[in-house]
Each structure stands twice: as structure tokens, then as C-alpha cells.
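These notes are about the structure you will find just below.
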Amino acid sequence: MQITERMVASFHYTLTNDAGEVLDSSRGREPLVYLHGGHNIVPGLEAQMAGHVAGDRFTADVAAAEGYGDYIDELVQVVPRKAFAGVDELEVGMQFQAQTAHGTIPVVITEIDGDEVTVDGNHPLAGEALHFDIEIVDVREASVEEVLHGHVHGAGGHHH
Ligand code: ZN
């Protein structure tokens with residue numbers, strides 16, 4: 001059974017960057033489960049999953065633009081500390097929801113300099129080329145409900 005539109009695939013992955021550093025891995029956990037065609041995983045990886053069957057092992061190289069996006073300088077902004085009214089203690093690494101020209105996006109504080117607070121709305125992996133070591137564990141047909149919802153139900157998916 002091949003991975004095509006409206007199929008649900010389970011797979012193990014190890015994600016490394018250009019430097020060969022491991023950024024994330026499903027090894028030692030349950031495999032990741034996704035609905036093919038549902039945009040549940042980054043587009044560059046989804047495209048390279050197509051046609052594979054259970055048991056396949058392969059490497060998928062994904063450019064930043066097809067992964068978590070290019071790094072957008074405009075998503076880095078310096079805002080005054082008073083913009084965080086109601087937050088007692090500001091720390092680097094804290095996350096907030098921010099209203100921007102790109103909609104509501106999560107931002108993280110990357111620097112605090114006196115009254116100036118730098119926030120970054122880029123995904124932590126924006127601008128990174130991604131290298132996935134993939135092992136397909138299982139492929140099955142999606143249920144009608146899963147296709148309508150655009151995501152997987154049950155083990156590894158949504159419970160609602
Ligand atoms: Zn659902």
C-alpha cells in the first residue's frame with residue numbers, strides 16, 4: 001500500500017541540520033502519524049513521502065523554504081518593556097502570542113536590554129535546511145471522518 005492522498009502513514013524520523021546535529025527524533029517514542037495531503041507535516045517532507053510503502057527507509061533533504069520557512073527579518077522586533085504589562089518577570093525564552101501583519105503568531109523573547117525587549121516570530125527552525133532519516137512503519141487508508149477533518153484520529157492522532 002503506497003502513500004498517496006487520503007492515506008495515513010506512520011513513520012520514524014531523525015531530523016538533522018546541515019551541521020549533522022540531531023534536532024529531533026521519534027526513536028524511542030511512538031512513530032509520528034499523519035494524513036497525507038492534509039498538510040500535517042512540512043511540505044518538503046510530505047512531497048517526498050509520496051509513493052513509499054511500509055518498511056521503506058530513505059533520506060529526505062528539505063530546503064528551508066519547503067520546511068519551516070525562510071528566516072524573515074521583519075518578524076524580529078524590538079518592543080518596549082511596557083508592552084508586556086501584567087508580566088512580572090521577563091526572561092529570554094518566554095513565549096507570547098503577538099498580533100502582527102502576518103496574523104497572530106507565537107513569538108519568543110530573544111534578548112532583553114534595559115527597557116528594550118527583542119522578540120522573534122520566526123519558527124525556531126526557520127532558515128534551516130532539514131535532513132530527515134525516514135522509516136515508514138505503516139500505511140493505511142484514512143477514514144472518511146479523518147479526510148473531512150484533515151487530520152488523523154486515534155493512536156498518534158486527535159482524540160475528540
Ligand atoms: Zn478530527
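So if we plug the beta-carbon distance of THR100 and MET1 into 1/(1 + (r/R0)^6) with R0 = 30 Å, what FRET efficiency do we get, rounded to 0.05? List each step's numbers first, then the result.
Working: r = 42 Å, r/R0 = 1.41.
Computed FRET efficiency for THR100 and MET1 comes out at 0.10.
If we count every other residue with Cβ under 14 angstrom of ASP18's Cβ, Lys/Arg +1 and Asp/Glu -1, where does the sum land? Walk me through the numbers on the way to the answer.
Working: positive: none; negative: GLU21, ASP61, GLU128.
Around ASP18, the surrounding residues sum to -3.
Between TYR71 and THR14, what FRET efficiency follows from the Cβ-Cβ distance if R0 is 25 Å, with the result rounded to 0.05?
Details: r = 23 Å, r/R0 = 0.93.
The formula returns an efficiency of 0.60 here.
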*Dimensions (Å) - region 73-120, Cα atoms, principal axes, largest first*: 27, 21, 17
*Once the Cα atoms of the chain are picked out, what are the Rg and Dmax in Å?*
18.9, 59
_Charge dipole of region 73-120 about the Cα centre (unit charges at C-beta), most positive-ward option of ILE112, LEU90, HIS102_ = HIS102
*Residues with beta-carbon under 13 Å from that of ALA47, excluding ALA47: net charge, scoring Lys, Arg +1 and Asp, Glu -1?*
-4
*Residue by residue, what Karplus-based ³J(HN,Hα) values in Hz, rounded to whole numbers, does region 85-98 have, using 6.51, -1.76 and 1.60 with θ = phi - 60° and x for Gly and Pro?*
3, x, 9, 5, 10, 8, 9, 4, x, 5, 10, 9, 9, 10
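Pull out the extension gain between ARG27 and HIS160, defined as 0.36 nm times the separation in residues minus the alpha carbon to alpha carbon distance; nm, one decimal. Before the final figure, lay out each step's value.
Values: separation 133, 0.36 × 133 = 47.88 nm, distance 2.65 nm.
Length difference between fully extended and current span is 45.2 nm.
Quick one: dipole size for region 1-143, taken about the Cα centre, charges +1 on Lys/Arg Cβ and -1 on Asp/Glu Cβ, in debye to the nearest 20. Could the numbers behind the result be given before it?
On the way: 7 positive and 25 negative charges, 125 e Å.
The calculation lands at about 600 debye.
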*asked:* Amide H of ALA98 versus every other amide H placed in the peptide plane: which residues, excluding those fewer than 5 positions away on the same chain, fall under 5 Å?
replied: ILE105, VAL107
*Hey, how many Å between the Cα centroid of region 86-160 and the Cα centroid of region 18-72?*
15 Å
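Every number here is computed from the coordinates shown, using simple stated rules; none is lab data. Keep in mind that this is a model prediction, so the values were computed, not measured. Don't worry about glycine lacking a Cβ; one is built from the backbone with ideal geometry, like all the others, and counts go over all protein chains shown.
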